[in-house]
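Just below is one structure, and these are the notes that go with it.
The values are calculated or read from the model by the stated rules, or taken from the named source; none is laboratory data. Note that this is a predicted model, so its numbers are computed, not measured. Cβ coordinates were reconstructed from backbone atoms using ideal geometry, including for glycine residues, and neighbour counts include every protein chain displayed. These area figures cover heavy atoms from the full protein model, side chains too; ligands, DNA and RNA do not enter into them. Shrake-Rupley method; radii C 1.70, N 1.55, O 1.52, S 1.80 Å.
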Amino acid sequence: MTAAPAIRVRHLWHRFGRFDVLRDVSFDVAHGEIFGFIGPNGAGKTTTIRVMSTLLEPLAGRVEIDGYDVTIDPDAVRKIIGYMPDHAGVYERVTVREYLEFFADAYRVPTAGTSYAVVDAVMELTDLTKLRDKLVATMSKGMKQRLQLARTLLHDPKVLILDEPASDLDPRARIEIRDLLVELRNLGKTIFLSSHILTELADVCTSVAILERGRLVVSGPISEIARRLEPQAPQHAPAQPEAPAPPPPVLTRTVKLRVLAPGEAVAAALTGMPGIHRVAPGPAHTVLVTYAGDETMVAYIVRALVMANIGVSGVEPERNELERIFLEVTKGEVQ
Ligand SMILES: Nc1ncnc2c1ncn2[C@@H]1O[C@H](COP(=O)(O)OP(=O)(O)OP(=O)(O)O)[C@@H](O)[C@H]1O
């Protein structure tokens, strides 16, 4: 493994006409990550991806894939990446197998004569073996998306760059793509994916970069960003103010608990516990507990309930970490 990150973007600028589409974008993607590149429509995600995939020369800045500069060494980059554009068409009048054999030849993948073992392996991995003789034209959108992903895997790329891989998919197809991405990561691939819908693949991402109007708002591992956004204790006692200063805003989280007792019993058990802000009924016989603090508070809450003889059968954050980060760092242009 090289010392260089899988993807390194430095001070990337791009302009279409007089419009700055990317403005000083910098971030790193470590090897083995599933990295979510998130931003609203028009934020500049596809433009960044096209630069990373050697399809567009940046106006300024530098992008490296596994240490290779996309402008200086595009051929080396193309061998390392598997790029799946958004809304790419597929050839319709061929079978799944014919489609993949065609691209295996186009990529000059060694095929051991006409046996195309690599196509078999990729179909197996992407769960397309059963559909091998199916005409592409008759496949659902989700299946076609899987076929596209299979195509990007034929030359065994180290880094997958997927532009909106789950857009327009129904929930089942989305889950299937998500599971496949996790499997690919377990095989050692680095996966860079973009999305304008926050919740789409958020739960599989290990790190994210959030782009808004061509500028990077935040990037890094989700847990680290969340920690950075934790309210900090004041460093110094404030000088004696004339009038009492308004209290600083307290950032809170809400956890949804499934409990084997009425909500009033939960409220009674948690009343007076430091950090608890609110206990309210939640959907479908759950209780929403709002608290200040980090995840250890959840452990204290559960312990307090168990000590009060209240069984807890489920614990889930009302909003996942990424959604919380999003709401705090963006200006509200994201779904
Ligand atoms: N070839 C082009 N010529 C002129 N303007 C362009 C071109 N490509 C993109 N743009 C503009 O650049 C901005 C960023 O586009 P880009 O496609 O990178 O955004 P995006 O974040 O991928 O959005 P989406 O989620 O809609 O795909 C948009 O305002 C878009 O209209």
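Among 167-173, 61-67, 27-33, how do they line up from the highest to the lowest mean number of other beta-carbon atoms within 10 Å? Could you put the intermediate results ahead of the total?
On the way: 167-173: 13.9, 61-67: 20.1, 27-33: 18.4.
So the order, starting with the most tightly packed, is 61-67, 27-33, 167-173.
With an 8 Å cut-off on Cα pairs and a minimum separation of 6 or more residues, tell me the relative contact order of segment 27-94 in percent.
On the way: 40 pairs, mean separation 12.8, N = 68.
So the answer I get is 19 percent.
Give a residue-ordered list of calculated ³J(HN,Hα) values for segment 50-66 (Karplus: 6.51 cos²θ - 1.76 cosθ + 1.60, θ = phi - 60°; whole Hz; x for Gly, Pro).
With the stated coefficients, segment 50-66 comes to 5, 5, 4, 8, 6, 9, 9, 7, x, 5, 7, x, 9, 10, 10, 10, 6 Hz.
Can you tell me the convex hull volume per residue for segment 31-70, based on C-alpha atoms, in Å³ to the nearest whole number?
Working: hull volume 3.2 nm³, N = 40.
Dividing the Cα hull volume of segment 31-70 by its residue count gives 80 Å³.
Give me the log10 of I(q) over I(0) for the chain at q = 0.06, 0.09, 0.16 Å⁻¹, as the Debye formula computes it from C-alpha points; what are the numbers?
Each listed q corresponds, in turn, to -0.29, -0.61, -1.29.
Taking amide H positions as placed 1.01 Å from N in the peptide plane, with prolines and chain starts having none, which residues 5 or more places from Glu33, or on another chain, fall under 5 Å of its amide H?
The list, which skips near neighbours in sequence, is Ile191.
Report P(r) for segment 95-175: all Cα-Cα distances, bin width 10 Å, range 0 to the bin holding the largest distance, values in whole percent.
All Cα pairs, binned at 10 Å, distribute as 18, 51, 28, 3 percent.
Cβ under 11 Å from Ala284's Cβ, Ala284 left aside: what net charge do those residues give with Lys, Arg +1 and Asp, Glu -1? Numbers along the way, then the final one.
Values: positive: Lys256, Arg258; negative: none.
The answer is +2.
If you build a Gaussian network model of the chain, linking Cα atoms that sit under 10 Å apart, which residue out of Asp105, Asp86, Asp127 swings the most?
With Cα springs under 10 Å in the chain, the top fluctuation among Asp105, Asp86, Asp127 is at Asp105.
Straight-line reach from Lys79: which lysines have a Cα under 30 Å away, not including same-chain ones fewer than 8 places off?
Once the sequence-local lysines are set aside, what remains near Lys79 is Lys45, Lys130, Lys134, Lys141, Lys144, Lys158, Lys189.
I'd like to check one number: the per residue accessible area of the chain, probe 1.4 Å, reported in Å² as a whole number.
Details: 17720 Å² over 335 residues.
Result: 53 Å² per residue.
Do you know the relative contact order of segment 7-227, to the nearest whole percent, from alpha carbon pairs under 8 angstrom that are 6+ apart?
On the way: 410 pairs, mean separation 67.4, N = 221.
Reported relative contact order: 31 percent.
Taking all protein chains in place and a 1.4 Å probe, what share, in percent, of the accessible surface of the chain do carbon and sulfur account for?
On the way: 9460 of 17720 Å².
Result for the chain: 53 percent of the exposed heavy-atom area is carbon or sulfur.
Amide H neighbours of Asp24 under 5 Å, at least 5 residues apart or on other chains, H built in the peptide plane: list them.
Long-range HN contacts for Asp24: Leu12, Trp13, His14.
Over segment 252-329, what relative contact order in percent results from Cα pairs under 8 Å that are six or more residues apart? Walk me through the numbers before you get to the answer.
Details: 114 pairs, mean separation 33.1, N = 78.
Relative contact order, segment 252-329: 42 percent.
Please work out the C-alpha center-to-center distance from segment 264-310 to segment 60-76 and express it in whole Å.
Their Cα centres are 51 Å away from one another.
Of the residues Leu22, Leu162, Leu260, which exhibits the maximal mean-square fluctuation in a Gaussian network model of the chain defined by a 10 Å Cα contact cut-off?
Sorting by GNM fluctuation, first place goes to Leu260.
Rounded to the nearest 500, what is the 222 nm mean residue ellipticity of the chain from helices alone, with -39500 (n - 2.57) per DSSP H run of 4+ residues and division by all residues?
On the way: 10 runs with 100 residues, N = 335.
Mean residue ellipticity, 222 nm, calculated: -9000 deg cm²/dmol.
Using Cα-only point scatterers and the Debye equation, what is log10 of I(q)/I(0) for segment 252-329 at each q in 0.11, 0.22, 0.24 Å⁻¹, rounded to two decimals?
Treating every Cα as an identical point scatterer, log10 I(q)/I(0) equals -0.25, -0.97, -1.14.
What nm distance separates the two modelled labels at Lys130 and Ile197, each placed 7 Å from Cα along Cα→Cβ?
Result for the modelled spin labels: 2.4 nm.
Where Lys and Arg each count +1 and Asp and Glu each count -1, what net charge lies around Phe27 among other residues with Cβ under 14 Å from its Cβ?
Working: positive: Arg8, Arg10, Arg23, Lys45, Arg62, Arg215; negative: Asp24, Asp28, Glu33, Glu64, Glu212, Glu224.
Counting the neighbours of Phe27, the net charge comes to 0.
What is the gain in length, in nm to one decimal, between Asp294 and Met307 on full extension, counting 0.36 nm per residue of separation less the C-alpha to C-alpha distance? All intermediate terms of the calculation are to be shown ahead of the outcome.
Working: separation 13, 0.36 × 13 = 4.68 nm, distance 2.10 nm.
Stretched out fully, the Asp294 to Met307 stretch lengthens by 2.6 nm.
Can you work out the Karplus-derived ³J(HN,Hα) for every residue in segment 149-163? Use 6.51 cos²θ - 1.76 cosθ + 1.60 with θ = phi - 60°, whole Hz, and x for glycine or proline.
Values, residue by residue: 5, 4, 4, 5, 8, 4, 9, 6, x, 7, 10, 9, 10, 10, 8 Hz.
Rounded to the nearest Å, what's the spacing between the alpha carbon centres of segment 1-39 and segment 209-228? Just the number, please.
Measuring centre to centre over Cα atoms gives 12 Å.
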